[in-house]
Amino acid sequence: MSRILHRSLRNDPLLAVSGRGLLVQGAEGAPVIDASGGAAVACLGHGDERVVAAITEQARQIAYAHTVFFSCAAAEELADLLVGEAPGGLTHAYFVSSGSEAMEAALKLTRQYFLEIGQPQRHRFIARRQSYHGNTLGALGLGGNFARRDPYAPILADCFSHVSPCFAYRFQGAQESDADYVARLAAELEAEFQRLGPQNVAAFVAEPIVGATAGCVTALPGYFPAMRAVCDRHGALLILDEVMCGMGRSGTLHAWEQEGVTPDIQTIAKGLGGGYQPIGAILAQGRIVAALTAGSGAFKHGHTYQAHPVACAAALAVQRIIRDDALLENVRAMGQRLEAALQDRFGNHAHVGDIRGRGLFWALEFVDDRASRKAFPAARKVSEAVKDAAMAAGVMIYPMGGTIDGVQGDHVIIAPPYTAQPGDIDAIVARLGDAVDAVLG
Ligand SMILES: Cc1ncc(COP(=O)(O)O)c(C=O)c1O
């Protein structure tokens, strides 16, 4: 019995022994295709020697330097690469060790910004139901994943509230046009601002593509501009959480590039370091940083491991490879192939209600009945069963239940590395097809 407090306390997980490219070898059995990058993390696949060399070299030079005393070249070069050309007006980066830490930093930078510009009353954050922003208490309170949130509700801050997500398959009316649905959601956000007092709202927070909680839910055209307009009308910030959907996963480096908006603050993590090291970051608009510079002169925040040299060196190597190997082009090409293959294999499947996503970030939502979109009973744990069958068939996909409301609904996510080749895509869909048929017939 393991002495680790594993995710399940009843079953110890298999030991992972090695990873090369898309393949992961466990201590027993044949290698499996990593078709989800864990949770959309391993964007280069496993064992890229260039990243390993960068990590080794940084560790040899200096593994750790506290940011009270020093910066390091890897962090400086990573920041230059990310915001040197001020994409969308984002000019500064702040490096942390995870997506949750990035979200905490985004909340605190927002709060401090409003203190610095003389609006201390702004302390309310509006996020969306069926969202996920992390597991630390601030990020958990912000998020709308109620299954994860509810046990801790008594110890979460009360500055967070939630509006509806833009989730067309589940919540757009049968007779409602896209424009009307977007207008309804904008009206709901406006009403929430009014309920809280618009002068009290600090930010609206959303994932451009909802990640694991609802399963690769893209917004309708016009949705993000409409949300941005509500924020602008009331002087609140727009924070976009690209921890899962960002850094190329959607086919563009930033998912917001396809939404017609730019964020005031953006969070990134998984695809930043590709799993080679734990790293996340916030990217912030110049005017926000300028307000702090002119005011107190410091971001009142900090972690022992922020801008960790080895983590930054790994992320720098990963990001250079994405750029130099033109991997975003491959994400777009393989994304089209994946979409077509999923449609071909599951488009008429009696128990696949929706196939959705973008780039190399796709989900299948399972239903008991396609016509009524009725979900399977939650107790049947369909997504878990599909994950187990897929592992047995030799492919890793990421499962989640509670797709609709935190309890009802099942989906799996397919998020292969940006390096995937046509044969990989075909093998992934074939094996997943066998797994789905084994569970659902
Ligand atoms: C959209 C989003 N935000 C934040 C997080 C939290 O990131 P981490 O698990 O690295 O703390 C996640 C993790 O899945 C995520 O998907």
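The values are calculated or read from the model by the stated rules, or taken from the named source; none is laboratory data. Quick caveat, the model's predicted, so the values are computed rather than measured. Please note: Cβ atoms are built from the backbone with ideal geometry, for glycine as well, and neighbour counts cover all protein chains shown.
Here the condition is being out of contact with any Ser or Thr (no Cβ under 8 Å at 6 or more places or on another chain), surrounded by 21 or more Cβ atoms within 10 Å (Cβ to Cβ) and not aromatic (Phe, Trp, Tyr); of Ala27, Ala59, Ala73, Ala54, it holds for Ala54 alone.
When residues in the stretch 405-418 are screened for being surrounded by 21 or more Cβ atoms within 10 Å (Cβ to Cβ) and over 17 Å from the mean Cα position of the chain (by Cα), 2 of them pass. Within the stretch 113-164, being of a type in the set (A, V, I, L, M, F, W, C) and modelled with pLDDT under 95 holds for Phe146, Ala147.
Every residue in the stretch 173-187 that is under 21 Å from Ser161 (Cβ atoms) and either surrounded by fewer than 13 Cβ atoms within 10 Å (Cβ to Cβ) or β-branched (Val, Ile, Thr) (or both), please. Listed by number, the residues that qualify are Val182, Ala187. Restricting the first member to the stretch 238-267 and to residues that are without any contact (Cβ under 8 Å) to a residue 40 or more places away in the chain, and the second to residues that are of a type in the set (Ser, Thr, Tyr) and within 11 Å of the ligand (Cβ to nearest atom), the beta-carbon pairs closer than 9 Å and six or more apart or on different chains are Leu240/Thr267; Glu242/Thr267; Gly246/Thr267. Residues of the stretch 188-221 that are surrounded by fewer than 19 Cβ atoms within 10 Å (Cβ to Cβ) and closer than 30 Å to Tyr398 by Cα: Leu220, Pro221. Of all the residues in the stretch 391-435, those that are part of a helix (DSSP H, G or I), touching a helix residue (DSSP H, G or I) at 6+ places or on another chain (Cβ under 6 Å) and β-branched (Val, Ile, Thr) number 2.
A Cβ distance below 7 Å, combined with a sequence gap of six or more or placement on separate chains, defines the contacts here; from the stretch 124-153, residues that are within 12 Å of the ligand (Cβ to nearest atom) reach residues that are among the acidic types (Asp, Glu) and not in a helix (DSSP H, G or I) in the pairs Ser131/Glu207; His133/Asp241. Evaluation of Cys43 against the conditions (1) within 16 Å of the ligand (Cβ to nearest atom); (2) outside any helix (DSSP H, G or I); (3) within 20 Å of Pro309 (Cα to Cα) shows that the sole unmet condition is (3). When the criteria are applied in full, Glu365 meets the requirement of being within 19 Å of Gly406 (Cα to Cα) and either out of contact with any Leu (no Cβ under 9 Å at 6 or more places or on another chain) or in a loop (DSSP other than H, G, I, E, B) (or both).
Whenever a residue of the stretch 351-373 is over 16 Å from Gly433 (Cβ atoms) and without any contact (Cβ under 8 Å) to a residue 40 or more places away in the chain, its partners that are of a type outside the set (Val, Ile, Thr) and in a strand (DSSP E or B), lying with C-beta atoms within less than 6 angstrom and at least six residues away or across chains, give the pairs Val367/Gly353; Asp368/Lys374; Arg370/Gly353. Of all residues in the stretch 426-441, those that are surrounded by 17 or more Cβ atoms within 10 Å (Cβ to Cβ) have Cβ atoms under 9 Å from Cβ atoms of residues that are of a type in the set (Phe, Trp, Tyr), 6 or more apart or on another chain, in Val429/Phe346; Leu432/Phe346; Gly433/Phe346; Val436/Phe346; Val436/Phe366; Val439/Phe366; Leu440/Phe366; Leu440/Phe376. Looking across the stretch 80-106 at every residue that is in a strand (DSSP E or B) and of a type outside the set (Gly, Ala, Ser), the one that is farthest from the ligand (Cβ to nearest atom) is identified as Thr91. For the subset of the stretch 143-160 comprising residues that are aromatic (Phe, Trp, Tyr) and part of a helix (DSSP H, G or I), which member is farthest from the chain's Cα centre (by Cα)? My answer is Tyr152.
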